[in-house]
């Protein structure tokens, strides 16, 4: 892991980013050379190649291909990369008009596509997997045999990285019920540090929910640390691997004494400037779409085009959020607030489209300009649900320590929340953002939001 501006980035992901950026740069150079029958490309190939590599890397991020996911089949990987090419290549073709000799690069795009697709498949399924497994081999031992320990094993399996070797579970004399496969439990008769040394373990993950009564072998864990073995608690593990905090294992001491949760004036000022500039640009670009949406809403059903609804913002302050109306005027005729559900019959035909494409959220850019919201942050909830969830979910109020956002980390990592259980999982992602928010993470969320909108994920 590499910590960049408070955000944890896997080394392999950075390696892929660098290698694929270089590959895209060389792909356009080779495409031009082949198109010119071996002649050297013109001197201005550098800006064109940089433009092409930048567009392709951004498109890959939009579709979440750099995101850590279970290993996909080659057919699935090829399909997703083809989708990247279908979006990235036309964008590159149009962008080449900005450089001299634009026709040279546009004529070479056909060959460049073939080079890019073949090279990306070979790079991702061959070389990078081999490098990941050989150079970044990482042996992991889980301390504990309860539900928390099994959740760690499940998370490691979801990552599907060839470099991560799960060595098994080390049992402890605790009262927690055994929840793991017996064949994966290592003998507890041998001391922990001896087991770690014998198996060449690089990291011990402490997955024990109840730590009172001297359950943890602190002396042996210290011996592991002194021998260069990393010791990670449950909250830190899920923060690094999934970008979330598991509520059931989160302790107040972790929030108080851990890193992050910085709300300095410099960070606040930078975020405010970024929000204002971005909101103005997005409003200018989205104005035609917003006008068409307003006309469609007005023509379909009577009632206001823009819907105002109370939401809870930073510091627990209540404000009125602006949205294009996507439901019937009498959607809550009984006065009882309700979450939207899949196939909700209160949603109009136009409403379904603007919800799926997130056009209904565009008026919130005015909330951003008014200082009530940020472009990126936890999604604001209604006071009724906030009061309900605060009493049921520990640490729920922490999400109000920053401004709510038009989009957020939970929106690109999880689906729409319509139950208390969904809200718990969503809060785990939101706490990660509150702890680690930075301009880099905001940019990453905005890029991935484009992919969420294009693929229609999580809309109801």
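We did not get these values from a lab; they are worked out from the coordinates using the rules stated. Because the structure is a prediction, the values reported are computed rather than measured. Cβ placement follows ideal geometry from the backbone for every residue including glycine, while neighbour counts extend to all protein chains displayed.
Taking the mean number of other Cβ atoms within 10 Å as a proxy for protection, how do you rank 344-355, 431-442 from highest to lowest? Mind showing how you got there, number by number?
Working: 344-355: 17.6, 431-442: 21.3.
So the order, starting with the most tightly packed, is 431-442, 344-355.
Highest first, please rank the peptides 157-170, 307-320, 179-192, 363-376 by the mean number of other Cβ atoms sitting within 10 Å of their residues. Before the final figure, lay out the partial values.
Working: 157-170: 17.9, 307-320: 15.7, 179-192: 13.4, 363-376: 21.4.
The packing order, highest mean first, is 363-376, 157-170, 307-320, 179-192.
Classify the range 137-242 from the C-alpha gyration tensor, please: rounded if a/c falls under 1.5, else prolate or oblate depending on whether a/b exceeds b/c. Show your work: numbers first, answer last.
Values: a/c = 1.35, a/b = 1.10, b/c = 1.23.
Rounded is the answer for the range 137-242, as its axis ratio a/c remains below 1.5.
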Once a ≥ b ≥ c are taken as the square roots of the eigenvalues of the Cα gyration tensor of the range 141-186, is the result rounded (a/c under 1.5), prolate (a/b larger than b/c) or oblate (a/b not larger than b/c)? prolate
Relative packing of peptides 144-150, 29-35 - highest average C-beta neighbours within 10 Å first: 144-150, 29-35
Assuming 0.36 nm per residue, please report the length gained on full extension of the stretch residue 443 to residue 338 beyond their Cα-Cα distance. 34.6 nm
With a Förster radius of 25 Å, plug the Cβ-Cβ distance of residue 310 and residue 392 into 1/(1 + (r/R0)^6) and report the FRET value to the nearest 0.05. 0.75
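At a threshold of 8 angstrom on Cα-Cα distance, excluding pairs fewer than six apart, so keeping six or more, what relative contact order does the range 137-242 reach in percent?
Values: 166 pairs, mean separation 35.0, N = 106.
The value is 33 percent.
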Rounded, prolate or oblate: which fits the range 339-399, taking a ≥ b ≥ c as square roots of the Cα gyration tensor eigenvalues, rounded meaning a/c under 1.5, else prolate when a/b beats b/c? oblate
Given labels modelled 7 Å from the Cα in the Cβ direction, how far is it in nm from residue 86 to residue 177? 4.7
